[in-house]
1. Pairs needed: first member in segment A:78-94, within 13 Å of A:V68 (Cβ to Cβ); second member anywhere, among the polar types (S, T, N, Q); C-beta distance under 6 Å; at least 6 residues apart or different chains.
2. Please report, ordered by residue number, the strands (runs of 3 or more DSSP E) entirely within segment A:1-76 with at least 3 residues that are closer than 15 Å to A:C91 by Cβ, open to solvent by less than 20 Å² (accessible area, probe 1.4 Å) and touching a residue at least 12 places away in the same chain (Cβ under 8 Å).
3. Which residues, taken from segment A:112-140, are in a helix (DSSP H, G or I) and open to solvent by less than 40 Å² (accessible area, probe 1.4 Å)?
4. Hey, can you tell me all the residues within segment A:271-303 that are touching a Pro at 6+ places or on another chain (Cβ under 9 Å), among the hydrophobic types (A, V, I, L, M, F, W, C) and under 14 Å from B:P292 (Cα atoms)?
5. Quick one: B:E109 ticks every box in (1) more than 14 Å from chain A (Cβ to nearest Cβ); (2) part of a loop (DSSP other than H, G, I, E, B) except a single one, so which number is it?
6. Would you say A:R228 is basic (K, R), closer than 27 Å to B:V295 by Cα and within 14 Å of another protein chain (Cβ to nearest Cβ)?
7. Considering A:V166, A:V144, A:V99, which residue is open to solvent by less than 60 Å² (accessible area, probe 1.4 Å), within 14 Å of chain B (Cβ to nearest Cβ) and not aromatic (F, W, Y)?
8. Let me confirm something: among B:S239, B:S211, B:S174, which residue is away from every other protein chain (no Cβ under 14 Å) and either of a type in the set (F, W, Y) or more than 25 Å from the chain's Cα centre (by Cα) (or both)?
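The values are calculated or read from the model by the stated rules, or taken from the named source; none is laboratory data. None of the values given here were measured: they were computed from a predicted structure. Heads up, the Cβs are rebuilt from the backbone with ideal geometry, glycines too, and the neighbour counts pull from every protein chain shown. Accessible surface areas use protein heavy atoms only, side chains included; no ligands, DNA or RNA. Shrake-Rupley method; radii C 1.70, N 1.55, O 1.52, S 1.80 Å.
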There are 2 protein chains.
Amino acid sequence: MAEWERIIECVPNFSEGREPETIRRLVESVESVEDALVLGTHVDPDHNRSVVTFVATPGAVVEACVRVVARAAELIDLRRHAGQHPRMGACDVFPFVPVRGVSVAECVELAHAAGGRIARELGIPVYFYESAALRPERRDLADVRRGGFEFLREQIATVPERAPDVGELRVHESAGACIVGVRPLLIAYNVNLKTNDLSVARLIAGRVRASSGGLLHLKALGFELAARGVVQVSMNLTSYEQTNLHHAFEAVRREAEALGVEVLGSEVVGLLPQAALDRSAEYFLKLENYSPDLVLENRIADALRRKERESE
Amino acid sequence: MAEWERIIECVPNFSEGREPETIRRLVESVESVEDALVLGTHVDPDHNRSVVTFVATPGAVVEACVRVVARAAELIDLRRHAGQHPRMGACDVFPFVPVRGVSVAECVELAHAAGGRIARELGIPVYFYESAALRPERRDLADVRRGGFEFLREQIATVPERAPDVGELRVHESAGACIVGVRPLLIAYNVNLKTNDLSVARLIAGRVRASSGGLLHLKALGFELAARGVVQVSMNLTSYEQTNLHHAFEAVRREAEALGVEVLGSEVVGLLPQAALDRSAEYFLKLENYSPDLVLENRIADALRRKERESE
């Protein structure tokens with residue numbers, strides 16, 4: 001891990017979810033880049049769509065992005081693609097996510113560099129969204145993608161507000177367009193409550209979420225877990241450095257207690273950074289001297305880096 | 001870190017704490033072994049003694065041990081060494097500590113292999129202690145070391161119970177003997193209380209420690225932190241897999257609450273394994289699905305290992 005001090009995660013979405021061989025070749029093209037690693041794939045045959053999750057160092061991420069978008073353009077023909085999910089490209093959406101040691105601003109630069117190469121080298125028009133957006137009306141992905149490939153093909157040359165951010169005023173014949181962006185690392189976190197009363201979960205979700213004056217950077221909804229006969233406050237943390245697992249857990253616990261309801265447990269959906277767990281342990285243990293340097297494995301990684309530098 | 005799946009920590013004690021050049025050369029001899037990494041040194045001029053903390057893979061640890069004991073024998077002459085601390089060797093004590101992916105039994109095998117080479121190749125008699133002890137009366141380090149170098153030199157050939165476990169019946173002229181052992185990973189953990197009444201800390205320490213029927217694998221003492229005007233329950237956790245930070249914290253907190261005393265905070269002294277923090281976060285968050293696989297950095301390390309294997 002010595003060279004992996006700075007990490008960007010990418011979660012490109014592809015308009016193919018039925019051909020395992022295509023997914024395999026997409027993964028292969030990412031891993032043909034040194035310092036790019038595929039962590040997993042999610043293939044959705046119903047929507048005929050798939051997601052490849054990979055991480056890369058800042059020096060490798062643009063090349064990995066361009067190679068996999070090129071491979072998708074070779075293998076996926078949107079003119080023959082059917083599926084319910086809105087899409088306008090073979091590689092439809094390409095989010096860059098700063099994970100460790102990388103700022104949003106750096107990710108935006110990298111996303112813009114990748115978008116520039118996709119347009120110039122592959123002839124695919126590119127739209128930038130969310131933090132990488134160049135126009136305020138393109139911050140929201142859904143607004144950019146509205147109408148999908150078929151509408152964009154008709155409008156791109158004639159409707160000025162549909163013009164791409166980089167590239168020519170025509171879609172790539174088979175690969176369409178590509179929407180490249182930067183979004184924050186998101187932790188999906190649920191707290192389960194010992195009641196089957198959905199209104200309790202909805203009430204608590206309404207109290208803890210940012211949009212109603214609760215915790216910053218927290219989205220929350222109430223759901224029923226019918227199989228278990230309990231309800232759940234299902235949350236997204238969009239800035240764990242500011243609102244972490246323990247803030248969310250404690251806020252839900254306090255609201256639940258006030259309503260006389262017990263917290264059964266919690267769960268993380270997907271991945272989370274080590275720091276999110278560390279900071280939760282620090283909070284509950286009231287650790288006065290927490291630092292990543294306390295952790296043996298971090299000290300080993302530091303010592304490895306030092307030894308490698310010295311031997312260079 | 002790809003090759004660092006299995007880790008042994010070593011904390012050899014050397015009878016030299018005043019010559020920085022000697023310490024530097026001891027460190028250098030450890031790091032001359034690939035897959036051995038020095039994490040830190042602690043030099044104690046008062047006791048004229050120092051500790052080098054290093055980690056190594058199972059394949060590297062014996063070689064690193066023998067090299068640094070050989071270097072100590074070259075550089076340190078016990079006949080000229082003075083210091084209050086009991087000692088009987090240039091490299092006095094050499095503990096092996098299983099840290100990750102290694103059992104105590106494997107560490108004992110490695111410690112015995114290292115001891116055998118120290119005796120045969122360096123002519124230094126070796127005593128095995130704690131989990132590596134071959135005789136029950138040698139489990140306790142203090143019993144093995146009683147009387148130090150000068151007494152051992154007189155008794156080794158004539159007093160049967162002072163005979164080494166491996167090696168000849170005479171001390172190495174300048175380097176004495178070496179005590180090699182295996183001990184558990186120990187976490188030093190303190191909880192600070194908002195009172196200046198030392199009897200409170202002593203009472204709580206007495207209630208939570210293993211020896212008085214408290215938590216298993218927990219040692220505890222009460223201390224005053226005069227500078228801060230508070231008291232502290234100072235603990236050693238000798239098996240964090242069974243009694244972890246959160247067990248210790250919660251036990252102290254409950255006893256303190258019963259006495260009407262507030263917990264101010266806690267601190268870790270030295271290093272701790274990542275798993276100890278993870279398990280604390282899991283406990284307090286009531287995480288139902290914790291697994292190291294949830295953590296992005298672990299997934300990256302796994303993916304790196306896979307990619308390295310595939311490219312071999």
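1. A:A90/A:S15; A:D92/A:N13; A:D92/A:S15; A:V93/A:N13
2. In segment A:1-76, the matching strands (runs of 3 or more DSSP E) lie at A:49-56.
3. A:A114, A:G115, A:G116, A:I118, A:A119, A:R138, listed by residue number.
4. Across segment A:271-303, the qualifying residue is only A:A275.
5. Here B:E109 clears every test but (2).
6. On the way: basic (K, R): yes; closer than 27 Å to B:V295 by Cα: yes; within 14 Å of another protein chain (Cβ to nearest Cβ): yes.
Yes, satisfied.
7. A:V99
8. Details: B:S239 fails: either of a type in the set (F, W, Y) or more than 25 Å from the chain's Cα centre (by Cα) (or both); B:S211 fails: either of a type in the set (F, W, Y) or more than 25 Å from the chain's Cα centre (by Cα) (or both).
The unique qualifying residue is B:S174.
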